[in-house]
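For reference, the structure discussed in these notes is given below.
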Amino acid sequence: MSQAPTLVHLSDYTAPPYLVDEVELEFDLHDDHALVHSRLSVRRGAGVAPEAPLVLDGEELVLEALRLDGAAMPEGRYRLDEAALTIEEVPDRFTLEVITRIRPQDNTRLEGLYRSGGMFCTQCEAEGFRRITYFPDRPDVMARYTVTIAADRDGYPILLSNGNPVASGDAGAGRHWVRWRDPFPKPSYLFALVAGDLHCHEDCHTTPSGRDIRLAIYTEHTNAGRTEHAMRSLKAAMRWDEDTYGLECDLDNYLVVAVDDFNMGAMENKGLNIFNTQYILARPEIATDADYANIEAVIGHEYFHNWTGNRVTLRDWFQLSLKEGLTVFREQQFSADRGSPAVRRIQEVRTLRAAQFPEDASPMAHPVRPQSYAEINNFYTATVYMKGAEVIGMYHTLLGQDGFRRGLDRYFQRHDGQAVTCEDFLAAMADANDVDLGQFARWYHQSGTPVVTVTDEFDPQTGHLTLMLSQHTPPTADQPEKQPLHIPVALGLLDTDGHDLPVRLSGEDERAAGTRVLELREAEQRFVVEGLSQRPVPSLLRGFSAPVRLEYDYSDESLAFLFANDSDDFNRWEAGQRLASRILLRWVDRGPEDAPEYFLEAFRRTLTDPAADPALVAEALTLPAEGYLAEQMEVIDVAGIHHSREHLRAEIGRRLGTELRKAYDDNRVTGTYRPDPVDMGRRRLRNLALDYLFAAGDSDGLERCLTHYREADNMTDTMAALTLLADSPMPEAEAELEAFAERWQADPLVLDKWFRVQALSRREDAFERVRALTDHPAFDAGNPNRVRALIGAFCQGNTYHFHRSDGSGYTFLADWVLALDGINPQIAARLAKTLSRWRRYDEGRGTAMRTALERIDQAPALSKDVREVIARSLEPQGDKQHG
Ligand code: TRP
Ligand code: ZN
C-alpha cells in the first residue's frame, strides 16, 4: 500500500505571516521556455513575530535569481525544497525579486502556464500560481498586479492579462510587449495571462451608472463567427445582475478567451475569464440546445463570480462553496429567469441526484465545507457546487427573495475587498433579517443526505390533518454522528378536484390556498393543519425545497393523481418519477412484466394534453436514469436495472405508438433555428418521441430515425438521431456514424460528440468499440474534453457495459487512471472516483473494483490527487465492508 497522503485541516488555519501589496510580473515567452521576473512588495502581518520565516510556495520551478531589496541573496540565506522557497530572516518590509524559468510547452497538467493549440494560457485556481513563480499562493493574500508580457509579434499578436492595458512597445528581434494593470487587489488564483494569434469579437455594455465596458471574446481564428450566443449571454448576465442584485461590472475591460485544453468548464479570472471552448462556441449546426443552455449558464456563472468570488473572496480553500455554491445558485436563478423555471429545476435535481447523492453515499463523502483535504482539486465536487447551491437556495426559501437580497447587500457592505468564510455569509443573512440561523449552519458541517419521513392522520370530525415529520441522516464515511438540521419543507394540500387548499396551522388566521413552508428543526416534529373538510392529498417538498430524500407512503393512485393535477410543476414531475421508479424497481426484483395500464394511461394523458408545455411533457415522460434507480437499491443490480428500464422504454414505444407518432408530427419546428424555451421544448419532446418509437424495435423506428437524421438542420436533431443510430448494429447506421466523423474531422467539439455517442452506446459490443476508439487517430489523452467524451462517458455514463460482470471495465479504467496520472492528475483523479463506490455492488463486482483500486494503489509514483482518492476508497468502513 502506498503511503496515505498528508492532510490539510480547516482547524489548522492561521492568518498569513507575510502579506504582499504589489506584484510586478514580467513574462518573457518563448517556444521552449518562459522566464518570469517577479517583484513583490512584502510586509510582515500585524502581530507576527519578527523571527517568522518567509515561506513562498513554488513547484517545478527553476530559480534563476533571488534579490532582497536589490541585493542578491547568497546561497546560505534561503532554502529550496520541492514545494517551497524559505527565507529564515527578513525585514518588516522589503522588496523581493525572483526570476524563475518554466517550461509551458511540457505542462500537460494544465495548471499554471501552459500551451493550448497555438497559444499560451494560464489556470491558477486552486494552486497553479505556484507553478509560475514563488509566492504565498493562498487566497487570503491579496495584491495589486502589474503584468508585462513579451513575445514574438507574429506568433502572438494578442497579449492579455487582468485589468487594463496601460503601455505597449517594441521589444526588438520581432518581439513586442504589452503591460496590464489590475486596479483591484486579488488573490493569486485569479491571475491570468493569454498570448496568441486570436480572433476578437467585440461589443460594449453600458452600466446603469453610465460606464461603458468593452466586452471582448477571443478565439482561434477558425472559430470566428461562433461567439454570437456567448456574447448575447454575457450581456444578458450583466443586465440580470444589475436588475436583480444591483451589482454592476467594476471593470473597463471584460475579456473572455476560449481554449481547447481545459480541465474544467471555465475560470473567473478577474477581467479575463478563460473558458473551455465547449462553453463558448455555438452555431446551430455544431451545438445542441443543451450546449446553448450550458453556454448561457457558464457565461453567467463566471460573470457572477466577479462579485461572489472576486470582490469578496475566500479566506482559505475550505470555504470553496462560499463562492461556488452561491455562484451556482445565482447562475440557476439567471437561467430560470431566461427559460422555464420548472424545467430548469427538474434538470438541477436530476443532476444533484445523479452526482451528489451518490457522492454523499461514497467514501468521498464530505460536508459542503470539507474539514480536510490532501489535494484541493479533488474537492471541486458535486457536494461543494450543487449541494452548496441547494444550501443557498434554502436561505432563499426561508428568507424570500427580498430577505435574501437584504442579506446579500449586507454581505457586500461588510466584506467587499475581503477574504472571508461561510460563517461571514451566514451572519450577514441572519443579521440583515434578524433571524437565528444557528442550526442552519449545520448544513455546512454535516455530510450525508438526510431522509425526511412524513406520515399523516386525518380526523374527519375536527377537520384536522396531523403531519408527523421526522428526519434522519444516515452515517457517512467521514462522519458517524449526525444532528438534526433546519429543513424547509414546502407543502401543498390538494382537494379531490386537484385544487390547492389553504395550509392553515393551528392558531393561525385565514390563509390563501397554496404552498407554505414548514420549518423542520427537530428529529421529529408535528404540524397540525386545520379547516379541512376532506382528507387532502399532500404534495410534499414542492420545488425540491431541500436536498433530502423524502419518504411518504403514497399509493399508486395518489401518485397518478399528483402526476395529473399538482399545481407545482416540479412535484408533478416528481410523482411521475416515483411511479416509474416503483414499477422499474419491482421489475428488477421479479423480472419485467407488461407495463401496468394505469401507468400507460397516465403517460398517454400527459402526452395528449393540448394545454401542456412540451418541455414539461418531455421531462415528465423521461424515465428515471439508471443511476438514480441504482441509488435506491441496497445492492445495485446493474443488469437488472438496465433490462427493466429498456423493457419499459420499449413497452412505451409499442403501446403508445399512435400518440407518440402524433407528438412527433405535431412538434416539428420550422423556420430559423432559435435556442428559445419554446422551440427547445418542442425539439425535446419530438426527439423523445423518436426515442420511444425507435425503442419499440420495429423497422419503422429505424427508418424514421434515418429520415430524421438526414433531414436534421441543427445539431440537436442530428444528435438525437445519431444517439439512436449508435445503438443499432444495422449497416445503414454504421455508415452514417462513419460519415459523421469524416464530415466533422476538423471540429474538435463535434468530434467529441461522436466519441461520446459511441461511448454511451447500448450495443452489445460497446466496450470493444470504446477500446478500439482509444487507438483512433483523433483520440488524444492530453485533451480533457476528448478523455471525458470517450473514457469518462463510458465509465461514468454507460453503467451497464462498464460494469460487465467479468470486471474488464474496471481493468480498463484502472489502466487509464494510471496512464492519465502521468499526464494530468486532476483528470485521472476524477476518473478514479468512479471506483470508490465499490461497496455498493454485488460481491463479484465489488471485489473486482477493489482489485482495480489496489492495483492503482501499488503503482510506484502516484500523484497526490489520485493517491487521495484511492486511499479514501480503500479505507476500512466498519460493517459495510465486504469481499
Ligand atoms: N472556479 C471555476 C468555476 O467557475 C472552477 C475551475 C475552473 C477550476 N478551472 C479549474 C477549479 C481548475 C480547479 C482547477 O467554477
Ligand atoms: Zn465557479
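The values are calculated or read from the model by the stated rules, or taken from the named source; none is laboratory data. The structure displayed is predicted, hence computed values, not measured ones. Here the Cβ positions follow ideal geometry from the backbone for every residue, glycine too, while neighbour counts run over all protein chains shown. Keep in mind that these areas ignore ligands, DNA and RNA; they rest on the heavy atoms of the full protein, side chains included. Shrake-Rupley method; radii C 1.70, N 1.55, O 1.52, S 1.80 Å.
General remarks:
- Residues being under 27 Å from the mean Cα position of the chain (by Cα) and among the hydroxyl-bearing types (Ser, Thr, Tyr) - total across the range 682-730: 3
- Pairs where the first residue, in the range 795-817, is at negative phi and the second is open to solvent by 50 Å² or more (accessible area, probe 1.4 Å), C-beta under 6 Å, 6+ apart: Gly797/Leu760; Asn798/Leu760; Ala814/Arg855
- Ala143 vs. criteria within 16 Å of ligand 2 (Cβ to nearest atom), surrounded by fewer than 24 Cβ atoms within 10 Å (Cβ to Cβ) and farther than 20 Å from Ala34 by Cα: no
- Every condition in (1) buried (at least 22 other Cβ atoms within 10 Å of the Cβ); (2) in contact (Cβ under 8 Å) with a residue 60 or more places away in the chain holds for Phe404 except the one numbered (2).
- With a requirement of 1 or more residues that are among the charged types (D, E, K, R) and closer than 30 Å to Pro860 by Cα, the strands (runs of 3 or more DSSP E) lying completely within the range 1-120 that satisfy it span 54-57, 78-80, 93-102, 112-116.
- If the condition is being in contact with a Phe, Trp or Tyr (Cβ under 9 Å, 6 or more places away or on another chain) and small (Gly, Ala, Ser), then the range 98-132 contributes Gly112, Ser116, Gly118, Ala126, Gly128.
- Failed criterion for Gly846 (all others in (1) open to solvent by less than 30 Å² (accessible area, probe 1.4 Å); (2) not basic (Lys, Arg); (3) not in a helix (DSSP H, G or I) hold): (3)
- Some residue of the range 310-326 being within 16 Å of ligand 2 (Cβ to nearest atom), among the basic types (Lys, Arg) and surrounded by fewer than 22 Cβ atoms within 10 Å (Cβ to Cβ): yes
- Scanning the range 285-301 for residues that are open to solvent by 10 Å² or more (accessible area, probe 1.4 Å) and within 16 Å of ligand 2 (Cβ to nearest atom) returns Asn294, Glu296, Val298, His301.
- When Arg353, Arg344, Arg330 are screened for being in contact with an Asp or Glu (Cβ under 8 Å, 6 or more places away or on another chain), more than 16 Å from ligand 2 (Cβ to nearest atom) and at pLDDT 95 or above, only Arg353 passes.
- Positions within the range 550-600 being assigned to a helix (DSSP H, G or I) and of a type in the set (Ser, Thr, Tyr), in sequence order: Ser558, Ser581, Tyr598
- So Gly507, is it of a type outside the set (D, E, K, R) and either surrounded by fewer than 16 Cβ atoms within 10 Å (Cβ to Cβ) or not in a strand (DSSP E or B) (or both): yes
- Each residue in the range 565-583 was checked for being over 24 Å from the mean Cα position of the chain (by Cα) and within 16 Å of Leu493 (Cβ to Cβ), and 6 of them qualify.
- Selection status of Phe570, out of contact with any helix residue (DSSP H, G or I) (no Cβ under 9 Å at 6 or more places or on another chain) and aromatic (Phe, Trp, Tyr): no
- Residue among Glu703, Glu732 that is open to solvent by 60 Å² or more (accessible area, probe 1.4 Å) and closer than 19 Å to Glu764 by Cα: Glu732
- Scan of the range 560-584 for residues that are of a type outside the set (A, V, I, L, M, F, W, C) and within 15 Å of Arg604 (Cβ to Cβ), ordered by number: Gly576
- Test for Glu202: is it open to solvent by 10 Å² or more (accessible area, probe 1.4 Å) and either of a type in the set (Val, Ile, Thr) or without any contact (Cβ under 8 Å) to a residue 24 or more places away in the chain (or both): yes
- Residues that are away from ligand 1 (no atom under 14 Å from the Cβ) and among the charged types (D, E, K, R) were ranked within the range 288-324; the one that is nearest to Lys270 (Cα to Cα) is Arg311.
- Filter pass, Tyr245 being modelled with pLDDT of 95 or more, buried (at least 18 other Cβ atoms within 10 Å of the Cβ), within 16 Å of ligand 2 (Cβ to nearest atom) and farther than 29 Å from Lys753 by Cα: no
- Options Ala224, Ala266; residue that is within 16 Å of ligand 2 (Cβ to nearest atom), free of Cβ contacts under 8 Å to residues at least 60 places away in the same chain and either more than 22 Å from Cys121 (Cβ to Cβ) or open to solvent by 10 Å² or more (accessible area, probe 1.4 Å) (or both): Ala266
- Among (1) within 16 Å of ligand 1 (Cβ to nearest atom); (2) farther than 23 Å from Glu127 by Cβ; (3) open to solvent by 10 Å² or more (accessible area, probe 1.4 Å) - the single one Ala354 does not satisfy: (1)
- Summed over the range 156-168, residues that are under 22 Å from Gly118 (Cα atoms) and either of a type in the set (Val, Ile, Thr) or in contact (Cβ under 8 Å) with a residue 60 or more places away in the chain (or both) total 5.
- Residues that are within 21 Å of His9 (Cα to Cα), in contact with a helix residue (DSSP H, G or I) (Cβ under 7 Å, 6 or more places away or on another chain) and within 16 Å of ligand 2 (Cβ to nearest atom) number at least 1 in the following helices (runs of 4 or more DSSP H) confined to the range 366-449: 388-415, 422-433.
- Residue selected from the range 757-811 under the condition of a type in the set (Asp, Glu) and closer than 24 Å to Arg109 by Cα, by the criterion most open to solvent (accessible area, probe 1.4 Å): Asp775
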